[in-house]
Structures are given as structure tokens and as C-alpha cells.
1. Classify segment 15-78 from the C-alpha gyration tensor, please: rounded if a/c falls under 1.5, else prolate or oblate depending on whether a/b exceeds b/c.
2. Which order, highest average first, do 21-30, 55-64 follow once you tally other Cβ atoms within 10 Å for each residue and take the mean per peptide?
Amino acid sequence: MTAMDDLNALLSPLPGYAVLTDPMKQNALNMALIPDTNGVWPGGEGYIATYDVYWAATSLTGYMMAQPFVRAASSEGTSTTVDAPQWSSIIAFFQSQSVISSVVSTILVEVPIPGLPHVVHTDMSGRGSDYGDVDTDLA
């Protein structure tokens, strides 16, 4: 099963799916590349294309949401019933399954700063705070 098949399986039961084209879905997949099982990042040597299909699905739901969704119409066409899908629930589900979304939604991320010549470590202890740590500034 391909990533496109997985994406189609996620989206096909949703209203508005018929308006999505294969190029739109492929573009969404291309924007959802993640490191492969060997830890190689997209574009790296030996990278095996690996997609976060839930992130791709999330990126397409906005376009699908813009499409009208008619639940019922009279035989004369004089009245229609339109229901709005619970798109926020669908997006929340896709985001909950997405590897990319779980990383993007992280509030605080530790960023390792190597000890290179342009990194100046400043002792912050005794400066009126309770931190007692070292502040790192990039020169």
C-alpha cells in the first residue's frame, strides 16, 4: 500500500473528497515528508520516502471545507438541507495521529548549542536571580 493509498483511505469518506486532484494530494504528501526509519532526513543520501499521511490530510481539509455539503434536496429543487461537518474534530483527529503535528505543537524545545568559538558562555549566578545557571549568547 502506498502513501497515496493511505491518504485516499483517510480522505475518501469525507465530504468534498471528490474535488481533490491527484496533484493536490501528491503536493500535500511532498510537504509531509519525515525522516525515514533509519533516521535519514528528506534529501539526505539514501533517504527512503516516508510520509506523515495525517499531516498531508490535515493540509487538504481546508480546501475540502470550502466545498458545499448538501445533505438533502427536494425533488423540485426548491429546498435543500445543508449540514456542516465537524471539521475541527476531523482536523483534531488527523493532528493527533500526525508525527509532524506532535513536534510542531511542542511549546519548549531544548536546542543543543555546541561549544564553538562564536558561543560565549556567561555565568549568570549571583546576578539577582534564582537561576544560578549559565546563559549562552551567540556572538
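1. Taking the square roots of the gyration eigenvalues as a ≥ b ≥ c, segment 15-78 is prolate.
2. The packing order, highest mean first, is 55-64, 21-30.
Coordinate-derived values only; no laboratory data. Everything quoted here is computed from the prediction, not taken from an experiment. A quick note on method: Cβ atoms are made from the backbone with ideal geometry, for glycine too, and the neighbour counts reach across all protein chains shown.
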